[in-house]
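Some notes on the structure that comes next.
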Amino acid sequence: MASTILRSRPANGHAAFIPQIRKLVFECCDRWPSSENTRTYLFTNLPKLAANNPHVEIVVRQRIHREPIIRGFYVNNRDKVIPLNGLSLPEITQKISLLLDASGAKIKPLKRKNVVSTTEAARGFWSGLHADRPVL
Amino acid sequence: MLGRIARAVPALCRSIHTQPTSTTAALDLIRSQPSHYVVANFVGRKYILTPRDLLTVPRLRDVKVGDVLTLDEIHELGSREYTLRGNPTISPARVRVQATVVEHTKGKMESIFKKKRRKGYQKTITHKQPYTRLRIGEIELPTETLS
């Protein structure tokens, strides 16, 4: 008679894994020297990056007279923006892999959160109402 | 008096389990129960894991997002009423647990402040600790195929 609540708790990676990043947008200026390294990266490494990550939509936009930027859009409708101003080519590669490896979740303290579980305990839990009455 | 005996009898019945004589029989008992847990060693530390858990460990550098890892050091497998403890581990042919790498993240920004008083020395170090998060898959107890 009581209605059972049908609920599904998200568990990406349990049965099937869906990559959380969906789009990567490079924004840089055509002329200013602050975008020089970004432009070099785009001309040399972009096709390989796109081929190695077929699940990601890669977009290049113009952002004239501003510092170069990379934006990652995620499946949970959040985005991460990283400026590429003053970074060398290996550092740009590092920032791109930071975006590709992340899920869109907000950065939160993870030091003490070793195992986060939504599964009910397999051994059950003690209940005072179902235990023997203590005898003094 | 009778009430106390009546309450004691179910306790006695619960403790009279037929002790399984072989690992296969023990696994059959465990398999008959709906939910299981596993005590596994991962990157040098032991965790109690159930399916659909999210395990956070320090960054694993040789692993990519989406990779599937098999836990090969399982010390204990249990269910509500039965536990199988390995010596020291249970053979991977008996229990199979896989974990999928979900993401490589960093934790919150931590700042460490160092100071030596009256010496004009103080500095603040900020860092974000990198982590890898894995999702635990189903605990599989394969039935032995007769050769």
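The values are calculated or read from the model by the stated rules, or taken from the named source; none is laboratory data. Please read these numbers as outputs of a predicted model, since none were measured by experiment. Glycine also receives a Cβ, built like all others from the backbone with ideal geometry; neighbour counts cover every protein chain displayed. With ligands, DNA and RNA removed, areas are computed over all heavy atoms of the protein, side chains included. Shrake-Rupley method; radii C 1.70, N 1.55, O 1.52, S 1.80 Å.
Which of these, A:15, A:121, A:50, has the largest mean-square fluctuation under a Gaussian network model of chain A (Cα springs below 10 Å)?
Taking springs between Cα atoms under 10 Å, the residue moving most is A:121.
Under 5 Å between amide H atoms, partner at least 5 residues away or on a different chain: which partners does residue B:80 have, H built in plane at 1.01 Å?
B:35
Counting only protein heavy atoms, what percent of the accessible surface of chain B is carbon or sulfur at a 1.4 Å probe?
Heavy-atom surface of chain B belonging to carbon and sulfur, 1.4 Å probe: 52 percent.
For residue B:106, give me every one of the aspartates and glutamates with a C-alpha distance below 20 angstrom, ignoring sequence neighbours fewer than eight places off in its own chain.
A:79, A:91, A:101, B:53, B:62, B:67
Suppose only helical runs count, i.e. DSSP H with n ≥ 4. What mean residue ellipticity at 222 nm does that imply for chain A under -39500 (n - 2.57) per run, divided by all residues and rounded to the nearest 500 deg cm²/dmol?
One gets -7000 deg cm²/dmol as the mean residue ellipticity at 222 nm.
Tell me what chain B gives for mean residue ellipticity at 222 nm when only DSSP H runs of n ≥ 4 count, each as -39,500 (n - 2.57), the sum divided by the residue total, rounded to 500 deg cm²/dmol.
Computed ellipticity for chain B at 222 nm equals -5000 deg cm²/dmol.
Which residues' amide hydrogens lie under 5 Å from the amide hydrogen of residue B:69, considering only partners 5 or more residues apart or on another chain, with H built in the peptide plane?
B:99, B:100, B:101
Out of A:40, A:16, A:5, whose Cα points farthest toward the positive end of the dipole of region A:1-44 (charges: +1 Lys, Arg; -1 Asp, Glu; placed on Cβ)?
Of the listed residues, the answer is A:5.
So, for the protein assembly as shown, what is the accessible surface per residue at a probe of 1.4 Å, expressed in square angstrom?
On a per-residue basis, the protein assembly as shown sits at 68 Å².
Roughly how many nanometres apart are two label points built 7 Å out from the Cα toward the Cβ at residue B:41 and residue B:127?
2.7
For helix B:2-15, what angle does its Cα long axis make with the longest principal axis of chain B, in degrees from 0 to 90 and rounded to 10?
70
State, in square angstrom and to the nearest 100, the accessible area buried between chains A and B, both chains counted, probe radius 1.4 Å.
It comes to approximately 2700 Å² buried between A and B.
Relative to the longest principal axis of chain A, what angle (0 to 90°, nearest 10) does the C-alpha long axis of helix A:36-52 take?
50
Aspartates and glutamates near residue B:128 by alpha-carbon distance under 12 Å, same-chain residues fewer than 8 away left out - which ones?
Of all the aspartates and glutamates, those that pass the test against residue B:128 - Cα under 12 Å, at least 8 places apart if same chain - are B:110.
Given charges of +1 on the Cβ of Lys and Arg and -1 on the Cβ of Asp and Glu, with all other atoms neutral, how large is the dipole of region B:67-147 about its Cα centre, in debye to the nearest 20?
Using Cβ point charges on Lys, Arg, Asp and Glu, region B:67-147 gives about 1580 debye.
What dipole magnitude, in Debye to the nearest 20, does chain B give about its Cα centre under +1 on Lys/Arg Cβ and -1 on Asp/Glu Cβ?
So the dipole magnitude of chain B works out to roughly 1760 debye.
Defining a contact as two alpha carbons under 8 Å apart and six or more residues distant in sequence, what relative contact order in percent does chain A show?
With pairs under 8 Å counted, the relative contact order is 26 percent.
Just the number, please: carbon plus sulfur as a percent of the accessible area of chain A, 1.4 Å probe, no ligands or DNA/RNA counted.
Carbon plus sulfur share of accessible area: 55 percent.
With springs only between Cα atoms under 10 Å, which of A:109, A:83, A:33 fluctuates most in a Gaussian network model of chain A?
Result: A:109 has the largest fluctuation of those listed.
May I ask which residue of B:68, B:129, B:44 lies farthest towards the positive end of the charge dipole of region B:29-147, with charges of +1 (Lys, Arg) and -1 (Asp, Glu) on Cβ and the Cα centre as origin?
Comparing the listed Cα positions along the dipole, B:129 ranks first.
Taking the mean number of other Cβ atoms within 10 Å as a proxy for protection, how do you rank A:101-107, B:76-82 from highest to lowest?
B:76-82, A:101-107
In region B:120-139, what residues drop by 30 Å² or more of accessible area when the other protein chains are put back, versus the chain on its own? Use 1.4 Å, and skip ligands and nucleic acids.
B:131, B:133, B:135
What do you get for GluC sites (Glu not before Pro) in region B:108-147 restricted to DSSP loop and a cutoff of at most 16 other Cβ within 10 Å of the site's Cβ?
B:144
If one takes the longest principal axis of the Cα atoms in chain A, at what angle in degrees, from 0 to 90 and to the nearest 10, does the Cα axis of helix A:89-101 lie?
Approximately 30 degrees, to the nearest ten.
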